[in-house]
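Remarks on the structure that follows.
The values are calculated or read from the model by the stated rules, or taken from the named source; none is laboratory data. Since the structure is predicted, the reported quantities are computational estimates derived from the model, not experimental observations. Note: ideal-geometry Cβ built from the backbone for every residue, glycine included; neighbour counts use all protein chains shown.
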Amino acid sequence: MTSITVHLEPLLKLTDEHFLQLCQANPDVKFEQQANGDLIIVAPTGGETGSYNSEVNADFVIWKRQTQSGVVFDSSTCFRLPNGAKRSPDVAWITAERWNALAPEDRKKFPLIAPDFVLELVSPSDNLADVQAKMREYIANGVRLGWLIDPDAKLVEIYRPGQPVAVLQAPQTLSGEDVLPEFELPCDRFFLA
C-alpha cells in the first residue's frame, strides 16, 4: 500500500482546526498535509519498519532520560510547520527550552513548532523522492538536523541547514553532532540483510 495524496484546493481549504477535527474523527487513519493544502493519507508500515521505528524510538528515549535535554516524539505526533505543512516524522526531538516555551494548550494539539531533529525511516510503501522532499521541507522550516535511513538501499542521508545532503553507505553509527549531544545511533540493525 502506498500513501495517497488528495488535492482539496480550490474546492476546499482545511483550516488547522478542520484538520485536527478530521484526524480526531478518523483515529485509525494517519494524515499529513502539504503546505499547498494537499491532504496525504499515509500508508501504514509493515512489521519490519514498525519494529525498526520502535527500536529507534527506544534509543532516543533512553538518551533523553539520561540527558534530560528535551522531548522525544514518535510517528503519531503531527507538527504544524511554519510553512503550514502538517508532518509526522518517525522520530522527532525538541529541546526542553523550546518545548516548554509553548503554551500548554498548544502542546496538547498539533504543536506549531519545527522539531530540532527529525528522523525518517524509508519503508517499502514510501516513495523515496517524496521522503527526500519532506526532509528538505523540514530543514527549510527550522529543523537543525535530519536523518533519512533507507534500509533497502543501505544508505543514510544527513540533512543540515545550508549544507549539501551527506550520503553515507551503511554506516555503523550516526552521531547527533551538536544538535543531539552525546547521542549515537547504532545502525547495524538496519543493514543486516
Over the stretch 137-160, the set of residues under 13 Å from Pro89 (Cβ atoms) and assigned to a helix (DSSP H, G or I) is Glu137, Tyr138, Ile139
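Taking into account only those residues within the stretch 86-115 that are in a helix (DSSP H, G or I) and of a type outside the set (A, V, I, L, M, F, W, C), which is surrounded by the most Cβ atoms within 10 Å (Cβ to Cβ)? Can you show your working first?
Taking the stretch 86-115 and keeping what is in a helix (DSSP H, G or I), we get 96-100, 104-108.
If we keep only those that are of a type outside the set (A, V, I, L, M, F, W, C) too, we end up with 97-98, 100, 104-108.
Details: Glu97: 9, Arg98: 16, Asn100: 12, Pro104: 7, Glu105: 7, Asp106: 13, Arg107: 13, Lys108: 9.
The selected residue is Arg98.
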If Asn57 passes every condition in (1) within 16 Å of Asp16 (Cα to Cα); (2) assigned to a helix (DSSP H, G or I) but one, which one does it miss? (1)
Tell me, yes or no, whether the stretch 30-51 has at least one residue that is modelled with pLDDT of 90 or more and assigned to a loop (DSSP other than H, G, I, E, B). no
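Let's see how each residue does on (1) over 23 Å from Asp152 (Cβ atoms); (2) surrounded by 13 or more Cβ atoms within 10 Å (Cβ to Cβ); (3) more than 19 Å from the chain's Cα centre (by Cα):
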residue: Pro10; (1), (2), (3): yes, no, yes
residue: Leu20; (1), (2), (3): yes, yes, no
residue: Asp59; (1), (2), (3): no, yes, no
residue: Gly84; (1), (2), (3): yes, yes, no
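Which of the residues belonging to the stretch 116-129 are surrounded by 15 or more Cβ atoms within 10 Å (Cβ to Cβ) and more than 17 Å from Phe190 (Cβ to Cβ)? Give the derivation first.
Within the stretch 116-129, the first condition is being surrounded by 15 or more Cβ atoms within 10 Å (Cβ to Cβ), and the residues that meet it are 116-123, 126.
Passing the criteria: Asp116, Phe117.
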Residue that is nearest to Val122 (Cα to Cα) [pool: residues in the stretch 60-85 that are aliphatic (A, V, I, L, M) and assigned to a helix (DSSP H, G or I)]: Val61
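Going by the structure shown, is Arg87 within 17 Å of Pro111 (Cβ to Cβ) and among the basic types (Lys, Arg)?
Values: within 17 Å of Pro111 (Cβ to Cβ): yes; among the basic types (Lys, Arg): yes.
So Arg87 passes the test.
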Is it the case that the stretch 124-138 has a residue that's small (Gly, Ala, Ser) and farther than 20 Å from Leu39 by Cβ? no
If you take the residues of the stretch 149-187 that are within 22 Å of Val71 (Cα to Cα) and among the charged types (D, E, K, R), which of them is modelled with the lowest pLDDT? Glu182
Checking Val118 against (1) more than 11 Å from the chain's Cα centre (by Cα); (2) in a strand (DSSP E or B), only one condition comes out false. Which one? (1)
